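Structure, as structure tokens:
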Amino acid sequence: ALEEKEIKVVGMHCPSCVNAVQLSLTDVDGIEDAKADLDSGITTITLDADKVSDEEIKEAVEEAGFNVE
Ligand code: 9UX
């Protein structure tokens, strides 16, 4: 089943950063949507919890060049 998970991404400084984080996350199998807020870093991920681990989420954010707080 799909559910929403909130993480906090640190290091985003512009809309392009936001785009990079969102694209890297939605590229993960099982992640349906990702919406990152530039100012707060709060990122809401819509995912299939059976398919996606917290570690995979962290790796996707780090691949884009950012970190999870
Ligand atoms: Mo522009 Mo966001 O260099 O890192 S893409 S601030």
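Starting from the 7 Å offset along Cα-to-Cβ, what nm value, one decimal, do you get for the label separation of residue 62 and residue 48?
2.5
If you fit an axis through the alpha-carbon atoms of helix 15-26 and take the longest principal axis of the Cα set of the chain, what angle between them do you get, 0 to 90°, nearest 10?
The angle comes out at about 20 degrees.
I'd like to know how the chain sits against the 2.2 N^0.38 Å rule of thumb: what's its Cα Rg over that expected value? Write down the numbers at each step before the final one.
Details: Rg = 10.7 Å, N = 69, 2.2 N^0.38 = 11.0 Å.
The value comes to 0.97.
In the stretch 45-69, whose amide N lies under 16 Å from the spot 7 Å out along Cα-to-Cβ of residue 13? List them in ranges.
65-67
Check which residues have an amide H placed less than 5 Å from residue 67's amide H, if you skip close sequence neighbours.
Close amide H contacts, sequence-distant or interchain: 10.
Can you tell me the 0 to 90 degree angle between the C-alpha axis of helix 54-63 and the longest principal axis of the chain, rounded to 10?
Its long axis makes an angle of about 40 degrees.
Can you classify the stretch 29-69 as rounded, prolate or oblate using the Cα gyration tensor, where a ≥ b ≥ c are the square roots of its eigenvalues, rounded means a/c under 1.5, and otherwise it's prolate if a/b beats b/c and oblate if not?
Working: a/c = 2.25, a/b = 1.38, b/c = 1.64.
It is oblate, given that a/c is not under 1.5 and a/b is not larger than b/c.
Long-range amide H contacts for residue 42: which residues qualify at under 5 Å (H placed 1.01 Å from N, peptide plane, sequence gap of 5 or more or a different chain)?
9, 37
Could you give the size of the charge dipole of the chain about its Cα centre, using +1 on the Cβ of each K and R and -1 on the Cβ of each D and E, expressed in debye and rounded to the nearest 20?
280
Scan the stretch 1-44 for trypsin sites (Lys or Arg not before Pro) in coil per DSSP, keeping those whose Cβ has at most 10 other Cβ atoms within 10 Å, and list them by number. Kindly include the intermediate steps, with their values, before the conclusion.
Working: sites: 5, 8, 35; in loops: none.
When the trypsin sites (Lys or Arg not before Pro) of the stretch 1-44 are filtered for loop state and at most 10 Cβ neighbours within 10 Å, nothing remains.
Rank the residues 38, 47 as a footprinting-exposure proxy: fewest other Cβ atoms within 10 Å of their Cβ go first. Present the calculation step by step, with values, prior to reporting the outcome.
Details: 38 14, 47 22.
Taking fewest neighbouring Cβ atoms as first place, the list is 38, 47.
Positive end of the dipole of the stretch 2-68, charges at C-beta (+1 Lys, Arg; -1 Asp, Glu), about the Cα centre: which of 36, 14, 53 has its Cα farthest in that direction?
The Cα lying farthest towards the positive end belongs to 14.
List the residues whose amide H sits under 5 Å from the amide H of residue 33, counting only those 5 or more places along or on another chain, with H placed 1.01 Å from N in the peptide plane.
46
Bear in mind that the values in this text are calculations on the coordinates, not laboratory data. Given the structure is predicted, the values throughout are model-derived calculations rather than measurements. For neighbour counting, all protein chains shown are included, and Cβ atoms are generated from backbone atoms with ideal geometry for every residue, glycine included.
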